[in-house]
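Have a look at the structure below, then the notes.
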Amino acid sequence: MSWQVSLYVAAVLIPLAAFAIEVIFIRQLKRYNAYLATAAIGLSFVLSLIGFITYFGSEVSLGEPAAPHAAETEVDLVTEQGTVPLRGAGEQVVAGPDVHAPPPAWTAKTDWVSLGSIAAATEGRPDAARQRPALAIPLGIHIDNLGVIMFLMVTLIATLIHIYSIGYMHDDPRFPLFFAYLSLFCFSMLGLVASANVFMIFIFWELVGLCSYLLIGFWYEDKVNCDAANKAFIVNRVGDVGMLVGLGLLWTTLGTFNFQEINEGLRTSTGEFHHPPDGSDDVQLFDRLTGQPLRDEVTGQTRRIPYWMLTIAGLGVFAGCVGKSAQFPLHVWLPDAMAGPTPVSALIHAATMVAAGVYLAGRFFPLFTPDVLLYIAYTGGITLFLAATIAMVQVDYKKVLAYSTVSQLGFMMLGLGVGGWVAGLFHLLTHAFFKALLFLCAGSVYHSVHTYEMPALGGLLKKMPWTAWCMFVGTLAISGVPFFSGFYSKDAILAAALARVQSNPGHFLLFVLPAVGAVLTAFYMFRMWLLVFAGEPRGFPSRAAEAYAEAHDEEQALDHGHAHGHADAHDLNPAAHAHENDWVMVGPLVVLAFFSVVVGWGVWHVIPNPIGRPLLEQMLDLGEPYRAIDPRVLHGLHYYALGASLLIMLIGIGLGLLYYAPTGFPYFVPTRLSAQRAAERFGGLYRFLVHKWYFDELYWAVLVRPCLALARRCRQIDQVLIDGVVNGSAALTAFLSRLEGIFDNIAVDRLVNLAAQAVYVAGDWGRSIQTGRLRSYLMFLTVALVGLFAGVLAWIRG
């Protein structure tokens, strides 16, 4: 195992070790749990940074396109004698003529469990057999360019969220337990990124879901939070069933858990599937190193999978991504996940859970057939549009951010679906920074004013300038303003969508949907920022409105008595007592604001350059599995996409300012439009959007209510039929037992007692003739003899 692999193994295991210590010694460590958890994830970040610098400083050269060529990497081979290096760093392996060379990677693997054995034919000598495990469950680590970047992003954002949480959760009674859960969450996500096979991916995939359940329902005293945690867990299980089916189909047909073998062996260097020479539609698996078909070790047959089954397997894998990344129609859990503490929301929405779905879709990108990619694209397009329309009418700024996350995840999926592998993952990384920033800013505002109601706020720019300007940076980034990170990644997605539409104009919605979604994003984000920070404080119009807002505030419901770090409940004017928070909370905002700007920039001679090709995009480009879109086409459409991005941004921001900018807003026209009048004019549409397209009501009517009715019916059957049979059997058994007791007492016991009494009487009578006198005994003997002789004589005569 190379030192680079050991570096990343340590980065994964350090949060797990911290979690174990924090749980075992939670009573002794108490508040020091927070510092241990923060130090652990901070150390993982340092190790990830070392790996990042090592990988992109020595292993690869940026600017060189990925193509069939000799690759430098390190690979370990598992043999019966143990794990031995197959090829050291710097040694050359020439890719086969029909194989797309992968990026350099640091890998290691070993068999965790080996069950049974089979006789496997030795290559070239079918008569010679060797014993191999019938089922080997491998453990492995695979770190390539995408893994290196994801590790750095996850650990950096998680470290900042840990620091922020020390201030945000400082008075929570379960403060130590919260950081223990965070450590387990980080371990699960890092393990998912480092996994080298589908078995490990599924294990860590489920661990991520478990951690999200624990953190969303962290304040379980309120039923709303429990319901939100259950909803997230159950909805994700729906997607995971499909994922399990897809992974099972792949393993049973292709005979391997290694997703690198699957991804790199299914396609040629041009991105076409390997088809067998017999002309069938089956897809054949090739060895990327030799360029030869892979064969089953027992039968010797080539490993292949029917095209239709590969499509079903791809849809199954994507079903898991739909659940984790809250895509239509399984998007309903993510907005409710706001019931958890705000740092949890930032971690889930930015660097861990929802990112896992997009990451997995990127990892399995070569597996997806054109039909599956088209399905992914339209799923992303529908998701981003409906979530953006819902976000427009939310009055809770945390819910606005929740639906914006759903919408941005739709952007990423659409980018992957249209063939923009780099564009989709580029947006995943830029979104992680500005969405973490936006959520932490939202938490900073709540920590100060104790309400999420935007209509009751306003004027916070003067009282919370650091939070306001940091949130403004995040708003500019997500709105796609030039020179901010979101602009570059959205531009890349729009360019990929344009290329798809150019090749097939019938799918024009794949450009229209993200374009409209981007307009709405700029609109509702500026609406949120202006309502919270601009103008003057508005306050609640009445005590009734205040009470209603407080009753519908999941965090405020537990806030009384300083439940988790906040002071007094808000009054009619929440902004009246607003103040900037301590630097333990403001510091991470500043760092995230910095990265929300520069993470999309390029580099010119080591100097940051906001005009050149983004450096992060170049890093991702090294690992693109195959060129789904001709780079020349993308380059030709770049300026059209750039113009569309600028127009979209201006329309969205302009509408936001026209409706919500306060009068006298600098550098803008004095005319204002009335949002209230628009809501009244389009009342039906407004109510439709306020009710979130009635998805919750639909699921309640179609799924939840029938399930509850079925559960009640089952309970009735259990109580009436099953319990009736069981209770009736018990009653019958008791009745028969009583009859048996009566019979035993009257018949059996009396018969036994009568026999005993007869024996007793006979014995008593017999005892009376035992006088102890010799003359009496001689008399009895004489009488007996006389009687005996008389009887014998009578028998002889007769």
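The values are calculated or read from the model by the stated rules, or taken from the named source; none is laboratory data. Keep in mind that this is a model prediction, so the values were computed, not measured. So basically every Cβ, Gly included, is an ideal-geometry build from the backbone, and we count neighbours across all protein chains shown. These area figures cover heavy atoms from the full protein model, side chains too; ligands, DNA and RNA do not enter into them. Shrake-Rupley method; radii C 1.70, N 1.55, O 1.52, S 1.80 Å.
Using only alpha-carbon positions, what ratio does the radius of gyration of the chain give when scaled by 2.2 N^0.38 Å?
For the chain, the normalised Cα radius of gyration is 1.34.
Counting each DSSP H run of 4 or more residues in the chain as -39500 (n - 2.57), what helix-only mean residue ellipticity at 222 nm follows after dividing by all residues, to the nearest 500 deg cm²/dmol?
-20000 deg cm²/dmol
Leaving ligands, DNA and RNA out of it, rank Ser183, Ser729 by accessible area with a 1.4 Å probe, largest first.
Of Ser183, Ser729, the descending order of accessible area is Ser729, Ser183.
So which trypsin sites (Lys or Arg not before Pro) in segment 723-798 are both in a DSSP loop and have at most 10 other Cβ atoms within 10 Å of their Cβ?
Here the sparse-neighbourhood loop sites are Arg773.
Carbon and sulfur atoms: what percent of the 1.4 Å accessible area of segment 187-345 do they account for?
65
Taking all protein chains in place and a 1.4 Å probe, what share, in percent, of the accessible surface of segment 352-467 do carbon and sulfur account for?
71
In square angstrom, what is the accessible area per residue of the chain with a 1.4 angstrom probe?
Accessible area per residue, the chain: 44 Å².
On a 1.4 Å probe surface of the protein chains, which of His579, His170, His162, His635 comes out largest in accessible area, and what is the full order?
So the residues, ranked largest to smallest area, are His635, His579, His170, His162.
What Kirkwood radius, in Å to one decimal, follows from the Cα pairs of segment 341-386?
Every distinct Cα pair counted, the radius reaches 12.1 Å.
Which of Pro666, Ser479, Leu785 sits closest to the plus end of the dipole of the chain, meaning its Cα is farthest towards the positive end, when Lys and Arg get +1 and Asp and Glu get -1 on the C-beta?
Leu785
Which value, in nm² and rounded to one decimal, describes the direction-averaged projected area of the C-alpha convex hull of segment 411-534?
Hull-based average projected area comes out at 7.7 nm².
Take the alpha-carbon positions of segment 148-241, form their convex hull, and give its projected area averaged over all directions (one quarter of the hull surface) in nm².
The orientation-averaged projected area of the Cα hull of segment 148-241 comes to 6.7 nm².
If I compute solvent accessible area with a 1.4 Å probe over the protein chains, what percent of it on segment 468-526 is carbon and sulfur?
In segment 468-526, the share of accessible area belonging to carbon and sulfur is 79 percent.
Report the one residue of Ile648, Met150, Phe175 whose Cα lies farthest in the direction of the positive end of the charge dipole of the chain (charges on C-beta: Lys and Arg +1, Asp and Glu -1; origin at the Cα centre).
So the residue furthest toward the plus end is Phe175.
Just check segment 296-390 against the gyration tensor rule for me: Cα atoms, a ≥ b ≥ c as the square roots of the eigenvalues, rounded for a/c under 1.5, and otherwise prolate or oblate depending on whether a/b exceeds b/c.
prolate
At what distance in nm do the modelled label points of Trp251 and Tyr686 sit from each other, each positioned 7 Å from its Cα along Cα→Cβ?
Label at Trp251, label at Tyr686, 5.4 nm between them.
Using 20 Å as the Cα-Cα cut-off, could you pick out the over-long pairs in Lys399/Lys692; Lys398/Lys692; Lys398/Lys490; Lys231/Lys398; Lys399/Lys462; Lys398/Lys435?
Result: Lys398/Lys490; Lys399/Lys462 exceed 20 Å.
Give me the Debye-computed log₁₀ of I(q)/I(0) at q = 0.21 Å⁻¹ for segment 626-770, equal point scatterers on Cα only, no solvent, two decimals.
-1.21
Quick check: convex hull of the Cα atoms in segment 569-620, volume per residue, rounded to a whole Å³?
Spread over its residues, the Cα hull of segment 569-620 gives 155 Å³ apiece.
Over its Cα atoms, what ratio of radius of gyration to 2.2 N^0.38 Å does segment 585-705 give?
Dividing the Cα radius of gyration by 2.2 N^0.38 Å gives 1.63.
Below 8 Å between Cα atoms, with a sequence gap of 6+, how large is the relative contact order for the chain in percent?
Across the chain, relative contact order equals 12 percent.
With charges only on Cβ, +1 for K and R and -1 for D and E, what is the dipole size of the chain about its Cα centre, in debye, rounded to 20?
For this selection, approximately 1760 debye.
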